[in-house]
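This report concerns only the one structure given below.
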Amino acid sequence: MSVRLQEAPFDPGAETNAFLAASAGAGAAVTFTGLVRSRPDDPVSTLTLESYPELAEAQIGKAIAEAVVRFGLIKATVIHRYGALAAGEPIVQVMALAPHRQAAFDGASFLMDYLKTDAPFWKKEATPAGDRWVEAKAEDDHARDQWKNK
């Protein structure tokens, strides 16, 4: 289990290779990489994430520990950036290793749903129309809530 919060960019491919290097006993690995989104109809030049890294690391660590127990993961890693990020840059990577594929998929999805809704990050987008805080989305809450019954 590991959590890495950092301002510096990371290489998703290198991170995946390093994660897979210690995959004894695994039958499946799931990796998700999230990017800073900018759409033609709603351009974003910069996404700034504010965080208290020590608090975020502790809380994300608890979510990883829950995922490991709940889904029988062999290991899981979350890498999350903070600070100013340009459109298209990797912002988050979640990796889950498990004996079977469904457990790996579920573990990674559970962690991403936690990160989208409950991790202590505050996001501000810079757009041509000005800066705006990113609001919570009902669909993200719905995705998180599905895990209450599983």
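The values are calculated or read from the model by the stated rules, or taken from the named source; none is laboratory data. Since the structure is predicted, the reported quantities are computational estimates derived from the model, not experimental observations. Here Cβ is always computed from backbone atoms with ideal geometry, including for glycine, and neighbour counts include all displayed protein chains. Ligands, DNA and RNA are stripped out before the accessible areas are found, and what is left, the full protein with its side chains, is counted by its heavy atoms. Shrake-Rupley method; radii C 1.70, N 1.55, O 1.52, S 1.80 Å.
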- Task: At 1.4 Å probe size, with no ligands or nucleic acids counted, give the accessible surface of residue 137 in Å², nearest ten.
- Result: 80 Å²
- Note on the structure: From DSSP H assignment alone, runs of 4+ in the chain each adding -39500 (n - 2.57), the sum over residues rounded to the nearest 500 puts [θ] at 222 nm at -11000 deg cm²/dmol
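Go through 69, 134, 94 and list them by solvent-accessible area, largest first, probe radius 1.4 Å.
Ranked list, largest accessible area first: 69, 134, 94.
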- Quickly work out the residue 4-to-residue 136 label distance, labels modelled 7 Å from Cα along the C-beta direction, and quote it in nm with one decimal. 3.0 nm
- Tally Lys and Arg at +1 and Asp and Glu at -1 over the other residues with C-beta under 14 Å from the C-beta of residue 28: what net charge comes out? +1
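I'd like the per residue volume of the convex hull spanned by the Cα atoms of the chain, given in cubic angstrom. Write out the running numbers ahead of the final one.
On the way: hull volume 16.5 nm³, N = 150.
Expressed per residue, the convex hull around the Cα atoms of the chain is 110 Å³.
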